[in-house]
1. Would you check the chain for Lys pairs whose C-alpha atoms are within less than 16 Å, ignoring same-chain pairs closer than 8 in sequence, and give me the count?
2. At 20 °C and 1.002 mPa s, what whole-number value in µm²/s does Stokes-Einstein give for the translational diffusion of the stretch 1-81, with Rh from the Kirkwood sum over Cα pairs?
3. If you place +1 on the Cβ of every Lys and Arg, -1 on the Cβ of every Asp and Glu, and leave all else neutral, what size is the dipole of the stretch 3-150 about its Cα centre, to the nearest 20 Debye?
4. Work out the FRET efficiency for Tyr132 and Asp15 from their Cβ-Cβ distance, taking R0 = 30 Å, and round it to the nearest 0.05.
5. Roughly how compact is the stretch 37-105, stated as its Cα Rg over 2.2 N^0.38 Å to two decimals?
6. Among Ile62, Ile122, Ile84, whose mean-square fluctuation peaks in a Gaussian network model of the chain (Cα, cutoff 10 Å)?
7. Just from the alpha-carbon atoms, what are the Rg and Dmax of the chain in angstroms?
8. Looking at the stretch 1-92, which GluC sites (Glu not before Pro) are in a loop (DSSP not H, G, I, E or B) and have at most 13 other Cβ atoms within 10 Å?
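What follows is calculated from the coordinates using simple rules that are stated; it is not laboratory data. These numbers were taken from a predicted model, which means no experiment stands behind them. Quick reminder, even Gly has a Cβ in these numbers, built from the backbone with ideal geometry, and neighbours come from all protein chains shown.
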Amino acid sequence: MAEEISRQLPDSLLDRLKGEQFVLLATVDAETGAPVVNAVSWVYAPDANTLRVAVGHRSRMIANVKAKPEVTVTVIGPDTTYSIAGKAQVKHDRLEGPQIKLTGIEIDVDAVYDVMFYGAKIVDEPGYVKTYDKEAADKLDRQVTEALQKG
């Protein structure tokens, strides 16, 4: 059973969401009304009440957020699984700085839940590697992070 632990990001999540982090962003499909989940790594929390996400400028998430702003961000680890409920808006149709076309979405945090099933804890968090040129990936990550920090 989901247990609300806070109305804002606790310090452990705030610190974790200051850099590149694997999260799942759930939106409601603008056409079908069905839930849709996407993996995102460009996420930044400027404070305990706000999350910023960068997505491709053609992402379906943009239309979804415009049609229905209620979203959920899932963070797996440390120790548990967190569900962050909030209201999203497209803040920047085109983020300034990154060399590729990205859209900036800002999420106002409504509540944070511990959604881990009873009697368990996360011992291995999801990991990933970029499968394209490391130097290009690092450069792009820096550009996106700087753009998200600016808001």
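1. Lysine pairs, 8 or more places apart or on different chains, close enough: 9.
2. On the way: Rh = 13.6 Å.
In µm²/s, the coefficient is 158.
3. Magnitude of the dipole: close to 560 debye.
4. 0.60
5. That works out to 1.12 for the stretch 37-105.
6. Ile122
7. 15.1, 45
8. Numbers: sites: Glu3, Glu4, Glu20, Glu31, Glu70; in loops: Glu20, Glu31.
Those satisfying the criteria are Glu31.
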